[in-house]
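Undergrad: Sharing a structure with you now.
No value in this document is a laboratory result; all are computed from the given coordinates. Just so you know, these numbers come straight off a predicted model, no measurement behind them. Cβ atoms come from the backbone with ideal geometry, glycine included; neighbour counts cover every protein chain shown.
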Amino acid sequence: MASNTFGKLFAVTTFGESHGPAIGCVIDGCPPGIAIAPEEFRHDLERRATGKTRHTSARREADEVEILSGVYEGVTTGTPIALLIRNTDARSKDYADIAAQFRPGHADYTYWQKYGIRDPRGGGRSSARETTMRVAAAVIAKKWLAERHGVQVRGCLSQIGDVTPGAFDADTIDWTVVESNPFFWPDAAQVDALESYMDALRKSGDSVGARVDVVAEGLPPGWGEPIYGKLDGELAAALMSINAVKGVEIGDGFASVAQKGSHHRDEISADGFLSNHAGGILGGISTGQALRVSTAFKPTSSLRLPVQSLDTAGHAVEVVTTGRHDPCVGIRATPICEAMVALVLMDQALRHRAQCGDVGEVAPRIPAKVTGKKPDAEKLDVKKLDVKKR
């Protein structure tokens with residue numbers, strides 16, 4: 001198995017390379033009756049796109065979606081949906097000098113070892129260009145989740161390099177602020193400083209990593225499977241499949257190591273859960289609370305700064321990467337992370353419906369949180385946790 005297909009009941013297969021004639025995907029298992037039009041893909045594709053600001057790669061793709069099958073008179077038919085996007089702004093000549101060199105930090109060497117051949121143009125299949133089709137497929141998933149279950153999937157950038165939001169509370173994110181700046185940053189007061197930070201980074205020729213947080217609200221309890229299809233396990237696998245991802249956290253994640261059990265366990269009252277350190281998942285199954293997942297992206301490896309490596313003949317070379325690259329890939333990763341979360345939730349929702357659709361709502365149904373009331377800070381020892389210290 002070449003593993004280019006993701007999901008079980010809502011299965012997405014992507015194809016194409018960064019500098020090939022086109023990229024695309026086939027969505028199999030999509031329920032019939034969902035109204036969808038080509039223009040509905042534009043918003044999220046533009047959020048993911050490069051060339052929109054000076055802080056991302058200058059590559060500018062039209063990203064016009066062609067619906068080839070599975071939609072009739074504007075409605076999904078239940079048959080495979082094929083989506084295609086033509087590549088219109090590839091510059092393969094930028095990679096001529098490094099076509100036979102292994103760029104440190106890239107997939108060049110590992111692809112070479114696996115296949116005995118690789119497409120050096122823009123990274124080929126390992127390029128972030130491939131994620132465009134994940135975002136496109138998730139447009140359908142997001143719409144179905146919202147219409148059928150009231151689920152809303154949203155994300156923000158919560159760290160760039162060593163910079164974190166000055167004021168950050170996952171429960172009170174102002175999503176209009178997030179969507180009003182090129183960084184998907186939740187603190188409006190810091191945007192100008194981030195602009196200067198990224199300008200200085202770009203001039204230095206270096207790069208930094210980033211952290212993306214995704215919140216999915218409106219999930220009912222019960223989604224996910226208890227052992228090998230755990231909701232958090234599949235989220236982790238899905239997010240780790242994104243290029244440049246090196247870590248995934250559910251809820252408090254690695255901060256849980258330093259917490260005491262008396263703090264981490266999410267107390268329950270008749271009025272709702274008092275906290276959400278588990279990130280909305282217990283035993284691999286959704287609790288009905290907000291789903292919280294964070295993804296860590298490594299620094300971009302495509303740099304103009306010289307680095308030593310080998311070529312395909314095994315000779316020592318000095319690699320200098322030219323072309324158009326991101327000083328921080330995480331800046332445009334928010335919609336990609338949202339997409340993978342939405343695709344997992346869509347697949348899990350269909351799987352739950354298939355096996356347990358007849359179970360219905362089970363009492364008692366615990367509210368997601370105590371409305372308008374925070375847990376007692378002293379009791380839960382919240383003062384020991386600092387959201388800025390990741």
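Undergrad: If you take the alpha carbon radius of gyration of segment 252-364 and divide it by 2.2 N^0.38 Å, what ratio comes out, to two decimals?
TA: Working: Rg = 22.4 Å, N = 113, 2.2 N^0.38 = 13.3 Å.
Scaled against compact globular proteins, the figure is 1.69.
Undergrad: Only Lys, Arg, Asp and Glu count, each charged at its Cβ (+1, +1, -1, -1), so figure out the dipole size of the chain about its Cα centre, rounded to 20 debye.
TA: On the way: 46 positive and 49 negative charges, 129 e Å.
It works out to roughly 620 debye.
Undergrad: Next up: All other residues with a Cβ under 14 Å from the Cβ of Val12 taken together, and with Lys, Arg as +1 and Asp, Glu as -1, what is their net charge? Before the final figure, lay out each step's value.
TA: Working: positive: Lys8, Arg134, Lys142; negative: Asp28, Glu130, Glu234, Asp347.
Residues close to Val12 contribute a combined charge of -1.
Undergrad: If you don't mind, another one. Just the C-alpha atoms of the chain: what Rg/Rh do they give, with Rh taken as the Kirkwood radius? Before the final figure, lay out the partial values.
TA: Working: Rg = 21.7 Å, Rh = 22.2 Å.
Rounded to two decimals, Rg over Rh is 0.98.
Undergrad: Continuing with this model, one more query. Using Cβ contacts closer than 10 Å as the measure, can you line up Ser241, Ser286 from fewest to most?
TA: Details: Ser241 13, Ser286 24.
Fewest-to-most Cβ neighbours within 10 Å comes out as Ser241, Ser286.
Undergrad: Do the alpha carbons of any pairs in Lys203/Lys298; Lys8/Lys142; Lys114/Lys142; Lys93/Lys298 sit beyond 24 Å of each other, and which pairs?
TA: Working: Lys203/Lys298 19 Å; Lys8/Lys142 17 Å; Lys114/Lys142 35 Å; Lys93/Lys298 26 Å.
Going by Cα-Cα distance, Lys114/Lys142; Lys93/Lys298 fall outside the 24 Å limit.
Undergrad: How do Tyr115, Tyr109 line up, fewest other C-beta atoms within 10 Å first?
TA: Sorted ascending by nearby Cβ count, the order is Tyr115, Tyr109.
Undergrad: For segment 272-289, take each phi angle, set θ = phi - 60°, evaluate the Karplus expression 6.51 cos²θ - 1.76 cosθ + 1.60, and give the result in whole Hz per residue in order, putting x for glycine and proline.
TA: My calculation for segment 272-289 gives x, 5, 8, 7, 9, 5, 7, x, x, 9, 10, x, x, 10, 5, 9, x, 7 Hz in order.
Undergrad: Convert each backbone phi in segment 31-37 into a coupling constant with the Karplus relation 6.51 cos²θ - 1.76 cosθ + 1.60 (shift: θ = phi - 60°), then list the ³J(HN,Hα) values in order as whole Hz, x for Gly and Pro.
TA: Per residue, the Karplus-derived 3J(HN,Hα) values read x, x, x, 8, 6, 8, 10 Hz.
Undergrad: If you don't mind, there's one more thing I want to ask. Considering only Ala316, Phe15, Phe41, whose Cα is most displaced toward the positive end of the charge dipole of segment 5-384, charges sitting on Cβ of Lys, Arg (+1) and Asp, Glu (-1)?
TA: Positive-most Cα among the choices belongs to Ala316.
Undergrad: Length gain on complete extension for the stretch Leu310 to Arg265, per 0.36 nm per residue less the alpha carbon to alpha carbon distance?
TA: Working it through step by step, the gained length comes to 11.2 nm.
Undergrad: Under 15 Å between alpha carbons, and skipping anything fewer than 8 positions from Lys230 in its own chain: which aspartates and glutamates qualify?
TA: Hits, sequence-local ones excluded: Glu249, Asp347.
Undergrad: If you don't mind, there's one more thing I want to ask. Using a Gaussian network for the chain with springs between C-alpha atoms less than 10 Å apart, which of these wobbles most: Pro32, Pro306, Pro364?
TA: For the chain, modelled as a Gaussian network with Cα springs under 10 Å, the answer is Pro364.
Undergrad: I want to make sure I understand the PRE zone here: with the label point 7 angstrom from the Cα of Lys114 toward its beta carbon, which residues in segment 198-236 have backbone N atoms less than 20 Å away?
TA: Once the point is set 7 Å along Cα→Cβ of Lys114, 234-236 turn out to lie under 20 Å by backbone N, inside segment 198-236.
Undergrad: Could you tell me the relative contact order of the chain? Use alpha-carbon pairs under 8 Å, at least six residues apart, and round to a whole percent. Numbers along the way, then the final one.
TA: Details: 755 pairs, mean separation 80.6, N = 390.
Rounded, it is 21 percent for the chain.
Undergrad: Still on this model: Using θ = phi - 60° and the Karplus curve 6.51 cos²θ - 1.76 cosθ + 1.60, what whole-Hz ³J(HN,Hα) does each residue of segment 182-191 get, with Gly and Pro shown as x?
TA: So the J values, rounded to whole Hz, are x, 9, 6, 9, x, 10, 4, 5, 9, 4.
Undergrad: Please work out the Cα center distance from segment 288-364 to segment 147-218, rounded to the nearest Å.
TA: Cα centroid to Cα centroid, the span is 16 Å.
Undergrad: Alpha carbons only, please: Rg and Dmax for segment 112-185, in angstrom.
TA: Using the Cα atoms of segment 112-185, the pair Rg, Dmax is 17.8, 50 Å.
Undergrad: Also, quick follow-up: Rg over Rh of segment 127-226, using C-alpha atoms and the Kirkwood radius, what does it come to?
TA: When Rh is taken as the Kirkwood radius, the ratio is 1.04.
Undergrad: Which order results if Glu249, Glu318, Glu217 are arranged by neighbouring Cβ count within 10 Å, fewest first? Please report the intermediate quantities before stating the final value.
TA: On the way: Glu249 21, Glu318 9, Glu217 15.
Least to most surrounded, the residues fall as Glu318, Glu217, Glu249.
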